[in-house]
Amino acid sequence: MKTITTGVLLAGAAALLTVTNVKAETVMKFSSWAPPTHPQNSQVFPLWGKRIEAATQGRVKWKIEYKLASPPKQFEVSRDGIADASWIFHGYNTRYLATQAVEIPGLGGTAETASYATQKAFDSHLHKANEHRGVAVAAMFSHGDAVIHTKKQIRSLADLKGMKIRVPGGVGSLVGKQLGVVAVKAPAPKVYEILSSGVADGVFMPVEVQKTFRLKEVVPYVTFMPGGLYYGSFAVLISPAFLDKLSAQDRKAVLSTTGTSLSRAIGKIWEHGDVVGLADAKKFGSKIQTAGSAMLSDYKGITAKVEANWLSKMAKKYKNVDAKAALAEVRAAVANYK
């Protein structure tokens, strides 16, 4: 009888320990809107998840959730605690102006350098605009230079006038307006559909989408603008409710994985995506060209207008943000990146 009692006690203790361990483990649910095969979901966020698990010694686990909300609604997903974290493209919402500092054409950086630069400017200046109130910003980042994807070859900027082009919002849409395109708006996951159905004749996006969104099949002409057509501003967000439920130790650990180190890591993977996307497009037979001196000269005139308009809007909307200093910091960070 004594042996049986001891066995029961040991089994009960083991069960209690198991229950305790289960309770101690927190699953961090991350909301994503790109396809599971996109580098963001296959590489970027799993990397962040591993860093979080390592920093918390396994107390916080990681899980990507899909289709919790449309791309433009991902801010609310984190703010309202529908998921514990999410990522957003700032161009989907007109509330974001300060974040356009990295989007201005002609930056001449890669996704890695641009991501580092926007995080640096955010830490120094842009956070003062408080455009992400209601959530915690884990990292700011950017895609690589946007290029022109079209169904037919363009030989001058004038060829784009009147063409139905999917524009992203933010500076990308302002560029489209200056070029005289007929703007077509749709979230990134819908781009293939609108191009294949004839709703749009082209799109402004980085070259990685030739592979990740299979755009090589529907827009075989790719035109690079030296210095970049524009860049794309993104943020990774964390729900305050999620942070509040963590212990002080785990909250500190999770936050230790954010900021510049995360921005660099995301940008590096996106940069690789551009390299892979370009190689895949060439292999498939896409026609790749770089804008000549005449086209570039014309585009610099557009760039100057976009930059001047942004600085003017910033001066009116955010008296507490030095927009010129922020823009200068973005450019210096790209130029001096090591």
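Read the figures in this text as sums done on the coordinates, not as results from a lab. If you're wondering where the values come from, they're calculated on a predicted model, not measured in any experiment. Cβ placement follows ideal geometry from the backbone for every residue including glycine, while neighbour counts extend to all protein chains displayed.
Sort Met140, Met314, Met205 so that the residue with the fewest other Cβ atoms within 10 Å of its own Cβ comes first and the one with the most comes last.
Ascending number of Cβ neighbours within 10 Å: Met314, Met205, Met140.
Helix hunt in the chain: which complete DSSP H runs extend at least 27 Å axially by C-alpha with mean Kyte-Doolittle at least 0.5?
Passing helices, by number: 2-24.
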Efficiency of FRET between Glu25 and Lys152 - r from beta-carbon atoms, R0 51 angstrom, step 0.05: 0.40
With each pseudo-label sitting 7 Å past Cα toward Cβ, what's the Arg214-Glu307 distance in nm, one decimal? 4.0 nm
Within a 10 angstrom radius of the beta carbon, how do Asp80, Asp145, Asp280 rank from fewest other beta carbons to most? Asp80, Asp280, Asp145
Charge dipole of the chain about the Cα centre (unit charges at C-beta), most positive-ward option of Gln289, Val102, Tyr116: Val102
If you work out Cα extents along the principal axes in Å from the coordinates, which of (i) 67, 46, 32; (ii) 61, 44, 39; (iii) 94, 47, 35 do you get? (iii)
Hey, got a sec? Which trypsin sites (Lys or Arg not before Pro) in the stretch 92-194 land in a DSSP loop and have at most 16 other Cβ atoms within 10 Å? Arg95, Arg133, Lys151, Lys152, Arg155, Lys161
The pairs in Lys185/Lys319; Lys67/Lys190; Lys128/Lys319; Lys185/Lys316; Lys211/Lys300 lying past 20 Å Cα-Cα in this model are Lys185/Lys319; Lys185/Lys316; Lys211/Lys300
Which of Ser142, Ser42, Ser263, Ser286 has the fewest Cβ neighbours within 10 Å, and the rest in rising order: Ser42, Ser286, Ser263, Ser142
So which trypsin sites (Lys or Arg not before Pro) in the stretch 36-74 end up in coil per DSSP with only 12 or fewer other C-beta atoms within 10 Å? Lys67
